[in-house]
Amino acid sequence: MTNEIRKPGFRGRSFARTIAFQIICEHDVNPGGLNALDNDYIRSKFSELSGGGAFDEDDALLPAEERPRGKISSEEIAQWSDFARTLIHATLSGRDAVDRKLSEASENWRLDRMSLTDRNILRMAVAEIELGTPAAVAINEAVELGKKFGRDAESPKFINGILGRVVLDSNRTDDGGVSPRD
């Protein structure tokens with residue numbers, strides 16, 4: 001099975017990150033009203049964002065490369081929904097620890113001074129790294145989200161710099177050393 005949504009520029013996990021990011025931002029703005037972790041809601045976001053929705057029974061009989069562009073299978077929706085849900089849960093449940101790491105890594109920027117989008121891209125990337133995604137992959141995906149949703153043209157650089165510092169600090173403490181700010 002391919003990890004690609006047959007629409008130029010979209011890969012399944014990247015697409016799931018976009019949905020997770022939107023839900024995490026929603027939660028940051030309105031923490032008491034989040035019902036977005038519901039499977040139906042997440043799956044509906046895939047259909048909404050893919051533009052083509054899930055494919056029908058006739059499309060399901062075709063090999064992946066011959067399916068209509070923009071349409072995704074229910075199996076793919078389930079797989080990516082699970083990934084998005086895991087990412088959302090990890091980001092929200094580990095928010096205090098993630099925020100501490102980000103605060104330590106961003107010496108001159110308090111979290112409350114960061115834009116809503118940059119702050120939540122950073123939170124999600126740190127949570128994803130903690131889930132086991134290679135740091136380079138999580139950082140690259142965060143930078144791409146920064147390009148699409150960041151506050152300004154400097155967002156990708158800012159995100160890359162802060163995440164690079166988080167990883168560097170984490171590597172120093174994982175190697176038995178002391179974090180530079182301890």
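So the values come out like this:
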read-out: Count of segment 90-127 residues which are within 11 Å of the chain's Cα centre (by Cα) and more than 13 Å from Val167 (Cβ to Cβ); value: 7
read-out: Residue in segment 64-71 that is at pLDDT below 90 and of a type in the set (A, V, I, L, M) present; value: yes
read-out: Test: residue in segment 42-49 that is modelled with pLDDT under 90 and more than 18 Å from the chain's Cα centre (by Cα); value: no
read-out: Qualifying positions in segment 128-172 - outside any helix (DSSP H, G or I), within 14 Å of the chain's Cα centre (by Cα) and more than 19 Å from Ile88 (Cβ to Cβ); value: Pro134, Gly150
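The values are calculated or read from the model by the stated rules, or taken from the named source; none is laboratory data. Since this is a predicted model, take the numbers as computed values, not measurements. Cβ atoms come from the backbone with ideal geometry, glycine included; neighbour counts cover every protein chain shown.
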